[in-house]
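Undergrad: Below is a structure I'd like to ask you about.
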Amino acid sequence: MNPWNLLLDLLGGVLNFFYQIIPNLGIAIILLTLAISLVLFPLTLKQTRSMKAMQEIQPEVKRLQKELKGNKEELNKQMMELYQERGVNPAAGCLPLIVQMPIWFALFSVLRSIQTNDAGFATSKYIGDGVEHVNTMFLGMDLTLSPSSVVPDAIRSVGDLSPLNAVPYIVLIILIVAAGFYQQVQTTRSSKKPDGEQTQTQQSMQNAMKIMPIFFGFISWTLTSGLGIYFATSNLFRIGQQALILRMDEGGDEGKKPVLPAEAPPDEGDNGKTRPSPNASKKKNRRRRK
């Protein structure tokens, strides 16, 4: 059987399962997103730790770049050894995105399968067993429509639409982009040096990561709002996952920190007895004078 059709049937079946529990397409997509995020948690764990480790080794990367500036072959060799020594996999940061790409396209196809008949009833061969009306409205949005097809007409008040109809779609796009940016900040804000200086590699990585939230905002604008709900939920849930991972790792690092030496005891004389402090001697002389 065609693997693509298998993925569509699997995703549509899971989405239909959640829809039967709570007959609202938006809530069903949220539950589906949470289920997928939990299944992909090992990859998210690897991605977060890899990104954090990449930031931590940037000073050593910069040092190697300076020392081996004219020898690219040796630089690449030393970089690979550094990655192996620190357990860093530069490609790990892309794994969750690569794995989820087929899911995005499959979810988009499932949502596009929802058709509205002449009586105004929305049906789908995947959701609601293809016979019952599918509730596609969620927080004032029709999840089968794209923001780009609604917002311009709503702003111009075309037909029954009013400018207020555009608000939920605009808020969804803003939420996707903002959550995407914050997700990147989580793993980079602790990598800055105390004086605010950053290596060129750090700046390049951050500039590249800034493109991703904008990219997701753009495709969420042009594709169905149901897919936008998936992106927003995934980003928000991953923020929570990354916060948990970073807190767990910071707790482990604190346990490995050496114990600071206790306050030095008072000076002792040659015979092992504690020497009195100068202030104590002055007080004793004052008492004798009295």
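Undergrad: For PHE41 paired with GLN65, estimate the spin-label separation in nm (one decimal), with each label point 7 Å from Cα along the Cα-to-Cβ line.
TA: 3.7 nm
Undergrad: Sorting LEU227, LEU246 on the 10 Å Cβ count, fewest up front, what's the list?
TA: Neighbour counts put them in this order, fewest first: LEU246, LEU227.
Undergrad: Ok, one more. For the range 136-150 and the range 6-23, what is the separation of their C-alpha centers, rounded to whole Å?
TA: Cα centroid of the range 136-150 versus Cα centroid of the range 6-23: 20 Å apart.
Undergrad: Of ALA178, LEU38, ILE114, which is farthest towards the positive pole of the range 3-254's charge dipole, taken about the Cα centre with +1 and -1 on the beta-carbons of Lys, Arg and Asp, Glu respectively?
TA: ALA178
Undergrad: Please order TYR126, TYR230 by the number of other Cβ within 10 Å, starting at the fewest.
TA: Going from least to most buried by this count: TYR126, TYR230.
Undergrad: Over the range 3-254, what is the mean sequence separation of C-alpha contacts under 8 Å (at least six apart), divided by residue count, expressed as relative contact order in percent?
TA: This gives 27 percent for the range 3-254.
Undergrad: May I pose another question? How large is the dipole of the range 1-117 about the Cα centre if only Lys and Arg carry +1 and Asp and Glu carry -1, each at its Cβ, rounded to the nearest 20 debye?
TA: Charge dipole, the range 1-117, about its Cα centre: 280 debye, nearest 20.
Undergrad: Net charge around LEU145, counting only other residues with Cβ within less than 13 Å of its Cβ (Lys, Arg = +1; Asp, Glu = -1)?
TA: -1
Values quoted throughout were computed directly from the atomic coordinates according to the rules given, and no laboratory measurement underlies them. Just so it is clear, the model here is predicted, and its values are computed rather than measured. FYI the Cβ positions are ideal-geometry reconstructions off the backbone, even for glycines, and counts take in every protein chain you see.
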